[in-house]
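Peer 1: Questions regarding the structure given below will be posed in turn.
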Amino acid sequence: MDYVRRLIDDVLDKKMRAFNAANIVGPKGCGKTRTASERCKTVIEFQDEEKRDGYLAVAETSPNLFLKNEKPILFDEWQDAPKIWGGIRKDCDDRPEATGEYYLTGSSSKKVQTPHTGTGRITEIEMFPMTLFETGESNGSVSLNQILENAEYDIDGCKSETSLEDLFFAVCRGGWPRCLALSEKSAKLEIARDYYRQIYTKDISAVDGVKRNPEWARTLLWSYARNMATTAKKTGIYADVNAYYTVTDNTLASYIDVLEALYVIRDIDAWTPQVRSKTAIRAAKKHIFLDPSIGLAALGIEPNYFINDLDLFGHVFENLVIRDLLVYASNHNARLMHYTDDTGLEADAVYQLADGRYALIEIKVGAGKIPDAEKSLLKFKKVIREHNENAVRDSAHPKPQYREPAALIIICANAPMAYTTENNVKIIPIGCLRD
């Protein structure tokens with residue numbers, strides 16, 4: 001199958017002009033090895049059964065011999081030969097002028113301790129499952145980055161051909177590159193299901209060699225899936241598991257840590273308009289799956305289920321959009337957060353650039369929800385503006401001012417066309433969005 005260029009390729013292009021080695025991390029099956037191998041002239045696969053014993057023998061006694069191969073070199077499943085890490089690190093020290101020569105990839109279900117961190121020598125780059133733009137469900141006619149960078153950027157009239165039924169299938173299939181090689185839809189759905197089974201039966205214990213109860217892990221994933229894209233309290237998630245098993249909170253917290261280390265689940269930080277404020281630290285985090293297909297596999301749901309449960313699809317769709325926004329953020333050195341407060345102000349996502357500019361984003365399934373979402377975003381902007389006006393009334397003792405949003409955006413599942421409202425709110429169909 002021909003290689004489909006990934007958004008992370010742009011990140012790698014930039015990083016490898018500054019570093020001589022990159023360790024690509026991310027969920028199992030997201031395409032780490034394929035992306036790295038496309039860049040390399042030599043590929044050392046420690047899982048190649050015909051060469052494995054010889055490779056491991058060399059790695060144990062003379063790992064520097066591998067570095068004499070034609071560069072760039074990929075070391076796949078490098079955790080099986082951890083001395084490679086030290087050899088690469090030393091070579092980076094010895095030749096500080098060299099760049100772009102070494103790539104390391106490996107299983108997220110195997111962590112090893114190295115004598116040296118590699119800080120300043122081996123850069124770590126996180127890879128995600130494929131976005132809708134990469135899998136083709138989005139035509140990429142609207143650039144999120146351009147909205148923030150170019151005040152004259154025109155999105156009006158960009159059309160989406162992606163239907164709700166297409167999205168029902170996309171969230172269950174997931175962004176797994178393996179699916180691109182398959183022609184039958186039913187076969188594509190099996191990929192996420194298999195990953196899910198491996199996570200709770202094998203990976204949960206293989207990651208660090210600590211034996212864990214697969215049924216506890218399975219029930220924990222089920223509870224996380226029930227609370228997908230919400231700020232549900234961990235106590236509620238723990239209670240779900242304890243409805244079936246007796247497990248301490250500390251044990252369940254350790255299982256969550258492992259699932260995060262496996263790049264299965266993640267908590268999205270809360271945003272605050274003032275960097276030094278402690279509000280974000282106190283605020284609840286939003287729980288997501290790095291790919292919603294794993295959560296849906298945990299729930300045992302297939303695409304047709306959503307025909308009669310659009311409420312659940314709303315949470316799943318939000319998780320899907322957040323997954324894509326995380327990829328886009330990593331491509332532009334941005335951060336992705338969310339906001340909710342006791343006054344009713346909220347933003348499903350806050351996309352913040354490194355210079356502080358940000359977009360407030362609402363995520364909706366139906367176009368009928370756009371007017372309410374627009375009112376919510378405009379209220380948010382008004383509150384910030386009124387705060388700033390009040391902050392400078394006492395010129396002797398001015399209070400901190402908050403930066404106003406650079407863009408107000410509504411990402412919609414079934415809007416047929418992108419447009420800008422009279423209040424300058426950008427309406428973007430997910431079938432048009434790219435980074």
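The values are calculated or read from the model by the stated rules, or taken from the named source; none is laboratory data. Not measured: the values here are computed from a predicted model. Methodologically, a virtual Cβ is constructed for each residue, glycine included, from the backbone with ideal geometry; neighbour enumeration extends over all protein chains shown. Just so you know, the surface numbers come from the protein's heavy atoms only, side chains and all, with ligands and any DNA or RNA stripped out. Shrake-Rupley method; radii C 1.70, N 1.55, O 1.52, S 1.80 Å.
Peer 1: Considering Ala373, Ala359, Ala354, Ala396, which residue is assigned to a strand (DSSP E or B) and small (Gly, Ala, Ser)?
Peer 2: From the options Ala373, Ala359, Ala354, Ala396, the qualifying one is Ala359.
Peer 1: Condition first: in contact with a Gly (Cβ under 8 Å, 6 or more places away or on another chain), surrounded by fewer than 21 Cβ atoms within 10 Å (Cβ to Cβ) and not in a loop (DSSP other than H, G, I, E, B). Can you find one or more residues in segment 413-424 that meet it?
Peer 2: yes
Peer 1: Among the residues of segment 231-243, count how many are under 20 Å from Tyr339 (Cα atoms) and either among the β-branched types (Val, Ile, Thr) or open to solvent by less than 10 Å² (accessible area, probe 1.4 Å) (or both).
Peer 2: So the count comes out to 1.
Peer 1: Can I ask one more? Please give the helices (runs of 4 or more DSSP H) falling wholly within segment 120-222 in which 3 or more residues are out of contact with any helix residue (DSSP H, G or I) (no Cβ under 6 Å at 6 or more places or on another chain) and among the aliphatic types (A, V, I, L, M).
Peer 2: Hits in segment 120-222: 164-173.
Peer 1: Out of Asp53, Asp9, Asp93, I need the residue that is at pLDDT 95 or above, out of contact with any Gly (no Cβ under 7 Å at 6 or more places or on another chain) and among the acidic types (Asp, Glu). Which one?
Peer 2: Asp9
Peer 1: Continuing with the same structure: Looking only at segment 61-99, count every residue that is within 31 Å of the chain's Cα centre (by Cα) and part of a loop (DSSP other than H, G, I, E, B) and tell me the total.
Peer 2: 7
Peer 1: Between a residue in segment 351-380 that is under 17 Å from Pro405 (Cα atoms) and any residue that is among the basic types (Lys, Arg) and outside any strand (DSSP E or B), which pairs come within a Cβ distance under 7 Å, given they are 6 or more apart or on different chains?
Peer 2: Gly356/Arg403
Peer 1: Ok, one more. Given the residues Tyr255, Tyr263, Tyr305, which is the only one that is open to solvent by 50 Å² or more (accessible area, probe 1.4 Å) and of a type in the set (Phe, Trp, Tyr)?
Peer 2: Result: Tyr305 is the single residue among Tyr255, Tyr263, Tyr305 that is open to solvent by 50 Å² or more (accessible area, probe 1.4 Å) and of a type in the set (Phe, Trp, Tyr).
Peer 1: Sticking with this one: So which residues in segment 342-374 are polar (S, T, N, Q) and either buried (at least 16 other Cβ atoms within 10 Å of the Cβ) or closer than 14 Å to Leu144 by Cα (or both), if there are any at all?
Peer 2: Passing the criteria: only Gln352.
Peer 1: Okay, moving on. For residues that are open to solvent by 10 Å² or more (accessible area, probe 1.4 Å) and of a type outside the set (Ser, Thr, Tyr), tally how many sit in segment 21-43.
Peer 2: Residues flagged as open to solvent by 10 Å² or more (accessible area, probe 1.4 Å) and of a type outside the set (Ser, Thr, Tyr) within segment 21-43 amount to 12.
Peer 1: Inside segment 322-341, can you point out the residues that are of a type in the set (D, E, K, R) and either within 18 Å of Pro292 (Cβ to Cβ) or surrounded by 23 or more Cβ atoms within 10 Å (Cβ to Cβ) (or both)?
Peer 2: The answer is Arg323, Asp324.
Peer 1: All but one of (1) in a helix (DSSP H, G or I); (2) farther than 25 Å from Leu259 by Cβ; (3) modelled with pLDDT of 95 or more; (4) in contact with a Leu (Cβ under 6 Å, 6 or more places away or on another chain) hold for Val58; state the number of the condition that does not hold.
Peer 2: That leaves (3) as the condition not met.
Peer 1: Hey, Lys233 hits all of (1) among the charged types (D, E, K, R); (2) under 20 Å from the mean Cα position of the chain (by Cα); (3) modelled with pLDDT under 95 but one; which does it fall short on?
Peer 2: Checking Lys233 against (1) among the charged types (D, E, K, R); (2) under 20 Å from the mean Cα position of the chain (by Cα); (3) modelled with pLDDT under 95, the one that fails is (2).
Peer 1: Met228 passes all but one of (1) under 11 Å from Gly295 (Cα atoms); (2) part of a helix (DSSP H, G or I); (3) open to solvent by less than 40 Å² (accessible area, probe 1.4 Å); which number fails?
Peer 2: (2)
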